[in-house]
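**Q** Have a look at this one before I ask anything.
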Amino acid sequence: MVPPNSLSSSELDRLLPLVYDELRAVAGKALGGEPSGHTLQPTALVHEAYLRLVRQRERAIKNRAQFFALAARVIRRVLVDHARLRLAMKRGDGNTRIPLEDHLALQDEPMLDSLALHEALEKLAKDDMELSRLVELRFFAGLTLEECAAAMDQSRSNIHRRWEFARTWLKRELSQRDA
């Protein structure tokens, strides 16, 4: 059953052309650090994310920020699934590299393994699901702090404080992983 205020498949079909360019830009940033011969391109990432969005039964979306929050979660899943598939096929390193955006401010780590980020977010989610979601919104959807506050129904000052903590935690976690 589709909840009230949900986005139907036909509504999603009408919405996609309006947000397609933004989604493609987000996908391009997520894939910006990939090798030139990488098999997953921004257009393919957006299309796969769209197909997964259509297949979802529950899409309670009330505003732009919530749509991009859902899109971020789907894009993250596509990237992780793709990285796992490549790893399984190569039986070697096979890790997908994604550039960290300036908003993550991890200067020591200009490139990030998508599986490493996923694993760090899974670990963070065990302790603080909302903090993990905040990182997901910032990294995979490219939302601003204001947009994250709207999507998470929290004040901007609270989101800013939590973001500072998340950045620090993520930098430490990824540094420990590399050590």
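**Q** Please go through (1) at pLDDT below 80; (2) farther than 22 Å from ALA166 by Cβ for THR43 and return the number of the only condition it doesn't satisfy.
**A** (1)
**Q** Does at least one position in the stretch 81-100 carry a residue that is part of a helix (DSSP H, G or I) and modelled with pLDDT of 80 or more?
**A** yes
**Q** Filter the stretch 138-149 down to the residues that are crowded, with 19+ Cβ neighbours inside 10 Å and over 18 Å from VAL74 (Cα atoms) and list them by number.
**A** ALA149 - this is the single residue of the stretch 138-149 that is crowded, with 19+ Cβ neighbours inside 10 Å and over 18 Å from VAL74 (Cα atoms).
**Q** Please give the number of the condition LEU174 fails out of (1) touching a strand residue (DSSP E or B) at 6+ places or on another chain (Cβ under 9 Å); (2) surrounded by fewer than 17 Cβ atoms within 10 Å (Cβ to Cβ); (3) among the hydrophobic types (A, V, I, L, M, F, W, C).
**A** Tallying (1) touching a strand residue (DSSP E or B) at 6+ places or on another chain (Cβ under 9 Å); (2) surrounded by fewer than 17 Cβ atoms within 10 Å (Cβ to Cβ); (3) among the hydrophobic types (A, V, I, L, M, F, W, C), LEU174 fails exactly one: (2).
**Q** Evaluate the stretch 8-23: report whether one residue or more is at pLDDT 80 or above, under 25 Å from GLU122 (Cα atoms) and in a helix (DSSP H, G or I).
**A** Checking the stretch 8-23: at least one residue is at pLDDT 80 or above, under 25 Å from GLU122 (Cα atoms) and in a helix (DSSP H, G or I).
**Q** Then there's this: Checking the structure you have, find out if any residue of the stretch 128-137 is at pLDDT below 85 and surrounded by fewer than 20 Cβ atoms within 10 Å (Cβ to Cβ).
**A** Looking through the stretch 128-137, none of the residues is at pLDDT below 85 and surrounded by fewer than 20 Cβ atoms within 10 Å (Cβ to Cβ).
**Q** Look through the stretch 101-127, keep the residues that are modelled with pLDDT under 90 and among the charged types (D, E, K, R), and return whichever of them is nearest to ALA30 (Cα to Cα).
**A** GLU101
The values are calculated or read from the model by the stated rules, or taken from the named source; none is laboratory data. All values reported here derive from a predicted model rather than from experimental measurement. All Cβ positions, even for glycine, are placed from backbone atoms using ideal geometry, and neighbour counts span all protein chains on display.
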